[in-house]
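Asks: Here it is: the structure, laid out below.
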Ligand code: NDP
């Protein structure tokens, strides 16, 4: 068989045109290097493999060194071309750095055949002049590509030194993998290692000077700090430059709100409700357009934003539109001489401050009850996602909301601080981190503003051994990977009963493995980009800590940079098994696609472990035992709970946390309590008896 193949090859070789024949001999040389090494790869041996005479090889390449130099040059040229190809796709400097990493550590370079040939050359560069020349050019090109891209992100000195480090790491990672016969690292883990390294270095030295680099730092505040840019985290594309509102703009907004609120509160509830309902209808009619904008601003898949973000905002407006006409106090019988009644009155001007994970939905969840109750709202979206709140303002205007009743101010935490503690703003509703919640609460004390705080979590999901396994797996997936894990109520601590843990993990890994990561605008994509490079670095840092602390990585665990995703901030859905309660990934909020699976035996034990956290936002239980389900839920310290499901949030059900996860409730009738005060009125029906 071998002889037959050789004869056919040699027949073909003789027919080939010059350039193709040279290339064929180079390919044969790579085969030879991979199989018999540098010393064994003689001119005669290669000629025999190629089925040509040694004279023909000498005719093309001179001697063995010439042939090997041409082979090395061909490998280096191939990489150079592939890097250039990737550069055409990369739209940002960070993307170009990634192109160098991904190309040099691509699976084809880790392939046994090519990799062994490279290794043979590395061993000879110090001894063979021609090889040294090729290697020098190859190294210079890599360094200059890296330096050129990094200079857009860092000061020149730092760019030079980081470029040298990246080049050294690429060579080092590759060499170690080759010497371990590709046991120590594969292409994917090698790229993830380099990507983590570059991200952490860039994060440390990210500059915010005159020419912000959008892909490197999403918080690209301009030199005068009067504006900031928002980017598409899936591509690095700048979407808009937004002016920052300072004290003067906030003061003007408060003045406008003050005038408008009085008129708005005078309208009958039914009239306010009609306007909110019209706004809900407009949102639904614009679902496609708004969902696309939200996807561009957040990186979340369009299949989510078009099914949830806009429509749940519309549902919320509808719900409070319905309640607006029924807001009422109560009548209190105080005997024949008097009665009392209460009036439910608006607070006045209220502020909403939003997080970046559900920008439009959060704006609606805050605006709908506030406006239904007759308040005016000034809303500040997160700086990372400023776009859809402005659209909501337009929708309200189109629905007939009077000017000034719903306004949007833009900016960083400083703009937020102008709202908290403002003496004429009577309430702040914040969705954000625990630390921000504490800062807002402290600032609000100055004017005794009311607060609703929807904060972070580290919620438990408990799966008993009588649960319907497929449902439990589905619940765990919904509770960890929707919106790439950027959901406050996520069940990131999944407690699974020992009897079913193996079966659970098997189904879980299969379903996670089938998830589609990709362009968020592609309707088939199920996992989009994380919100920013900083956030991705944080999430990858937790993954590294999980591994270092001894958790077993079941699936995922790396940044995804394949194809067009290189410029975005994508992280594969990640599952850790063999987790312990004291690991950082189990204790701290990651806010990314990272699930920790923990094993348990007893009901009492798992309740105690589930509650052993400072958070208390949400919790879930999967079991077919009706009494156990209610018993366990009653004992869990959480504001929002699910039995045999997870993360569904109908507007009718109040939503919020206990312990450090928050204060107050959004949604349901409960939110009305937080946007009104009660005025108590005593009405005398007889004479006034005074002892004086
Ligand atoms: P942050 O707390 O960082 O920011 C939230 C908002 O507060 C942003 O608009 C931010 O402005 C603003 N802000 C920051 N500091 C202050 C301050 N001192 N005074 C006034 N405003 C301030 O949260 P993220 O945007 O990072 O969102 C993620 C967090 O939100 C996670 O912890 C998550 O769990 C939580 N979350 C909670 C939800 C819930 O319902 N319980 C739902 C969704 C998210 P800027 O962005 O411009 O800095």
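The values are calculated or read from the model by the stated rules, or taken from the named source; none is laboratory data. Please read all numbers here as calculations on a predicted model, not as lab measurements. Every residue, glycine among them, receives a Cβ derived from its backbone with ideal geometry; neighbour counts consider all protein chains shown.
Asks: What pairs come out if I take residues in segment 130-157 that are in contact (Cβ under 8 Å) with a residue 40 or more places away in the chain and pair them with residues that are exposed (fewer than 15 other Cβ atoms within 10 Å of the Cβ) and outside any helix (DSSP H, G or I) whose C-beta lies under 9 Å away, six or more apart or interchain?
Replies: These pairs meet every condition: 152/211; 155/209.
Asks: Can you tell me how many residues in segment 344-369 are outside any strand (DSSP E or B) and more than 16 Å from the ligand (Cβ to nearest atom)? Step through it out loud before you land on a result.
Replies: In the first step, residues of segment 344-369 are kept if they are outside any strand (DSSP E or B); the result is 347-348, 354-369.
Next cut, more than 16 Å from the ligand (Cβ to nearest atom) only: 347-348.
Residues that pass the stated criteria total 2.
Asks: Then there's this: Could you please let me know if residue 392 is part of a helix (DSSP H, G or I), surrounded by 24 or more Cβ atoms within 10 Å (Cβ to Cβ) and modelled with pLDDT of 95 or more?
Replies: Answer is yes for this residue.
Asks: Also, I was wondering about something else. Name the one entry in 279, 324, 270, 253 that is surrounded by fewer than 17 Cβ atoms within 10 Å (Cβ to Cβ) and over 21 Å from the mean Cα position of the chain (by Cα).
Replies: Details: 279 fails: surrounded by fewer than 17 Cβ atoms within 10 Å (Cβ to Cβ); 324 fails: surrounded by fewer than 17 Cβ atoms within 10 Å (Cβ to Cβ); 253 fails: surrounded by fewer than 17 Cβ atoms within 10 Å (Cβ to Cβ).
Exactly one residue qualifies, and that residue is 270.
Asks: I'm checking my understanding of the structure. Among residues of segment 388-407 that are within 16 Å of the ligand (Cβ to nearest atom) and touching a residue at least 40 places away in the same chain (Cβ under 8 Å), which one is farthest from residue 375 (Cα to Cα)?
Replies: 388
Asks: Turning to a different aspect of this structure: I'd like to verify a number: residues in segment 658-692 that are away from the ligand (no atom under 15 Å from the Cβ), crowded, with 21+ Cβ neighbours inside 10 Å and part of a loop (DSSP other than H, G, I, E, B), how many? Give the derivation first.
Replies: From segment 658-692, those away from the ligand (no atom under 15 Å from the Cβ) are 669, 672-673, 675-692; that's our starting set.
Checking the rest, the ones that are also crowded, with 21+ Cβ neighbours inside 10 Å come to 675-676.
From what is left, the residues that are part of a loop (DSSP other than H, G, I, E, B) are 675.
Total meeting the criteria: 1.
Asks: Looking only at segment 601-657, which residues are in a strand (DSSP E or B) and either within 16 Å of the ligand (Cβ to nearest atom) or within 25 Å of residue 368 (Cα to Cα) (or both)?
Replies: Narrowing segment 601-657 to residues in a strand (DSSP E or B): 618-622, 640-643, 655.
618, 619, 620, 640, 641, 642, 655 - these are the residues of segment 601-657 that are in a strand (DSSP E or B) and either within 16 Å of the ligand (Cβ to nearest atom) or within 25 Å of residue 368 (Cα to Cα) (or both).
Asks: Shifting gears a bit: Here is a list: 545, 507. Which entry is surrounded by fewer than 23 Cβ atoms within 10 Å (Cβ to Cβ), within 20 Å of the chain's Cα centre (by Cα), away from the ligand (no atom under 16 Å from the Cβ) and part of a helix (DSSP H, G or I)? I'd like the intermediate steps shown before the answer.
Replies: Values: 507 fails: within 20 Å of the chain's Cα centre (by Cα).
Result: 545 is the single residue among 545, 507 that is surrounded by fewer than 23 Cβ atoms within 10 Å (Cβ to Cβ), within 20 Å of the chain's Cα centre (by Cα), away from the ligand (no atom under 16 Å from the Cβ) and part of a helix (DSSP H, G or I).
Asks: Criterion first (surrounded by 15 or more Cβ atoms within 10 Å (Cβ to Cβ) and modelled with pLDDT of 95 or more) does residue 632 satisfy it?
Replies: Details: surrounded by 15 or more Cβ atoms within 10 Å (Cβ to Cβ): yes; modelled with pLDDT of 95 or more: yes.
So residue 632 fits the description; yes.
Asks: Then there's this: Taking into account only those residues within segment 478-502 that are surrounded by fewer than 23 Cβ atoms within 10 Å (Cβ to Cβ) and more than 15 Å from the ligand (Cβ to nearest atom), which is nearest to residue 531 (Cα to Cα)?
Replies: Of the residues in segment 478-502, the ones surrounded by fewer than 23 Cβ atoms within 10 Å (Cβ to Cβ) are 478, 482, 487, 497-502.
In the following step, the residues that additionally are more than 15 Å from the ligand (Cβ to nearest atom) were identified as 478, 497-502.
Values: 478: 19, 497: 34, 498: 35, 499: 38, 500: 35, 501: 32, 502: 33 Å.
Filtering first and then ranking leaves 478.
Asks: Hey, another quick one. If we scan segment 460-472, do we find a residue that is more than 10 Å from the ligand (Cβ to nearest atom), under 22 Å from the mean Cα position of the chain (by Cα) and not in a helix (DSSP H, G or I)?
Replies: Within segment 460-472, the subset more than 10 Å from the ligand (Cβ to nearest atom) is 460-472.
Subset that is under 22 Å from the mean Cα position of the chain (by Cα): 460-461.
Now narrow it down to the ones that are not in a helix (DSSP H, G or I): 460-461.
Yes, that holds for at least one residue.
Asks: Does residue 56 satisfy the condition of being modelled with pLDDT of 85 or more, crowded, with 19+ Cβ neighbours inside 10 Å and in a helix (DSSP H, G or I)? If you could, list the steps in order and put the result at the bottom.
Replies: Details: modelled with pLDDT of 85 or more: yes; crowded, with 19+ Cβ neighbours inside 10 Å: no; in a helix (DSSP H, G or I): yes.
Spelling it out, it is not the case that residue 56 is modelled with pLDDT of 85 or more, crowded, with 19+ Cβ neighbours inside 10 Å and in a helix (DSSP H, G or I).
Asks: If you don't mind, there's one more thing I want to ask. Among the listed residues 420, 412, identify the single one that is in contact (Cβ under 8 Å) with a residue 60 or more places away in the chain and out of contact with any helix residue (DSSP H, G or I) (no Cβ under 9 Å at 6 or more places or on another chain). If you could, list the steps in order and put the result at the bottom.
Replies: Details: 420 fails: out of contact with any helix residue (DSSP H, G or I) (no Cβ under 9 Å at 6 or more places or on another chain).
On inspection, the qualifying residue turns out to be 412.
Asks: Could you figure out which of (1) more than 16 Å from the ligand (Cβ to nearest atom); (2) touching a strand residue (DSSP E or B) at 6+ places or on another chain (Cβ under 8 Å); (3) touching a residue at least 40 places away in the same chain (Cβ under 8 Å) isn't true of residue 520?
Replies: Looking at each condition in turn, residue 520 falls short on (2).
Asks: Of all the residues that make up segment 436-454, how many are out of contact with any strand residue (DSSP E or B) (no Cβ under 7 Å at 6 or more places or on another chain) and either in contact (Cβ under 8 Å) with a residue 60 or more places away in the chain or near the ligand (Cβ under 7 Å from one of its atoms) (or both)?
Replies: Here is the first cut: in segment 436-454, the residues out of contact with any strand residue (DSSP E or B) (no Cβ under 7 Å at 6 or more places or on another chain) are 438-439, 442-443, 445-448.
Next, from what is left, pick out any that are either in contact (Cβ under 8 Å) with a residue 60 or more places away in the chain or near the ligand (Cβ under 7 Å from one of its atoms) (or both): 439, 443.
The total comes to 2.
Asks: Considering only residues of segment 408-434 that are assigned to a strand (DSSP E or B) and away from the ligand (no atom under 13 Å from the Cβ), which is nearest to residue 451 (Cα to Cα)? Lay out the reasoning, then the answer.
Replies: Filtering segment 408-434 for residues assigned to a strand (DSSP E or B) gives 408, 425-431.
Checking which are away from the ligand (no atom under 13 Å from the Cβ) leaves us with 426-427.
On the way: 426: 9, 427: 6 Å.
The qualifying residue nearest to residue 451 (Cα to Cα) is 427.
Asks: Restricting to segment 587-600, and then to whatever is outside any strand (DSSP E or B) and crowded, with 23+ Cβ neighbours inside 10 Å, can you tell me which residue is farthest from the ligand (Cβ to nearest atom)?
Replies: From segment 587-600, those outside any strand (DSSP E or B) are 587-593; that's our starting set.
Going one step further and asking which of them are crowded, with 23+ Cβ neighbours inside 10 Å, we end up with 590-593.
Numbers: 590: 10, 591: 5, 592: 11, 593: 14 Å.
That would be 593.
Asks: So the check is Cβ under 8 Å with 6+ separation or different chains; which pairs have a first residue in segment 661-681 that's under 14 Å from residue 321 (Cα atoms) and free of Cβ contacts under 8 Å to residues at least 60 places away in the same chain and a second one that's away from the ligand (no atom under 16 Å from the Cβ) and not in a helix (DSSP H, G or I)?
Replies: Pairs found: 668/652.
Asks: Condition test on residue 114, is it within 30 Å of residue 203 (Cβ to Cβ) and in contact (Cβ under 8 Å) with a residue 24 or more places away in the chain? Show your work before the answer.
Replies: Working: within 30 Å of residue 203 (Cβ to Cβ): no; in contact (Cβ under 8 Å) with a residue 24 or more places away in the chain: yes.
No: the conditions fail for residue 114.
Asks: Across segment 516-540, what is the number of residues that are assigned to a loop (DSSP other than H, G, I, E, B) and within 11 Å of residue 559 (Cβ to Cβ)?
Replies: 2
Asks: Determine which single condition residue 457 fails, assuming it passes every other condition in (1) closer than 14 Å to residue 657 by Cβ; (2) more than 8 Å from the ligand (Cβ to nearest atom); (3) buried (at least 23 other Cβ atoms within 10 Å of the Cβ).
Replies: Here residue 457 meets the rest and fails (2).
Asks: So, one more: Is there a residue being closer than 20 Å to residue 68 by Cα and outside any helix (DSSP H, G or I) anywhere in segment 102-112?
Replies: Yes, there is a match, as at least one residue in segment 102-112 is closer than 20 Å to residue 68 by Cα and outside any helix (DSSP H, G or I).
Asks: Starting from segment 76-96, take each residue that is within 20 Å of residue 122 (Cα to Cα) and list its partners that are at pLDDT 85 or above, counting only C-beta distances under 7 angstrom and pairs at least six apart or across chains.
Replies: So the pair list comes out as 76/134; 76/138; 79/103; 79/104; 80/141.
Asks: On to the next question. Name the single residue that is nearest to the chain's Cα centre (by Cα) among those in segment 113-153 being over 16 Å from residue 72 (Cα atoms) and either surrounded by fewer than 18 Cβ atoms within 10 Å (Cβ to Cβ) or at pLDDT below 85 (or both). Break it down into steps so the answer makes sense when it comes.
Replies: Looking only at segment 113-153, we keep the residues that are over 16 Å from residue 72 (Cα atoms), and these are 143-153.
Adding the requirement that they be either surrounded by fewer than 18 Cβ atoms within 10 Å (Cβ to Cβ) or at pLDDT below 85 (or both) leaves 143-144, 148, 151-153.
Numbers: 143: 31, 144: 31, 148: 28, 151: 27, 152: 24, 153: 22 Å.
Looking at the filtered set, the residue picked out is 153.
Let's see how each residue does on (1) modelled with pLDDT under 95; (2) under 36 Å from the mean Cα position of the chain (by Cα); (3) buried (at least 21 other Cβ atoms within 10 Å of the Cβ); (4) closer than 23 Å to residue 295 by Cα:
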{"residue": "320", "(1), (2), (3), (4)": "no, yes, yes, no"}
{"residue": "332", "(1), (2), (3), (4)": "no, no, no, no"}
{"residue": "339", "(1), (2), (3), (4)": "no, no, no, no"}
{"residue": "364", "(1), (2), (3), (4)": "no, yes, yes, yes"}
{"residue": "368", "(1), (2), (3), (4)": "no, yes, yes, yes"}
{"residue": "373", "(1), (2), (3), (4)": "no, yes, yes, no"}
{"residue": "379", "(1), (2), (3), (4)": "no, yes, yes, yes"}
{"residue": "384", "(1), (2), (3), (4)": "no, yes, yes, yes"}
{"residue": "396", "(1), (2), (3), (4)": "no, yes, yes, yes"}
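Asks: Here's a follow-up. When residue 475 is evaluated against the numbered criteria (1) away from the ligand (no atom under 16 Å from the Cβ); (2) touching a helix residue (DSSP H, G or I) at 6+ places or on another chain (Cβ under 7 Å); (3) under 14 Å from residue 646 (Cα atoms), which criterion, by number, is the only one it fails?
Replies: Failed condition: (2).
Asks: Let me ask something else about it. Hey, does segment 373-384 have a residue that's in a helix (DSSP H, G or I), more than 10 Å from the ligand (Cβ to nearest atom), in contact (Cβ under 8 Å) with a residue 24 or more places away in the chain and in contact with a helix residue (DSSP H, G or I) (Cβ under 6 Å, 6 or more places away or on another chain)?
Replies: Here is the first cut: in segment 373-384, the residues in a helix (DSSP H, G or I) are none.
No, the conditions are met nowhere in segment 373-384.
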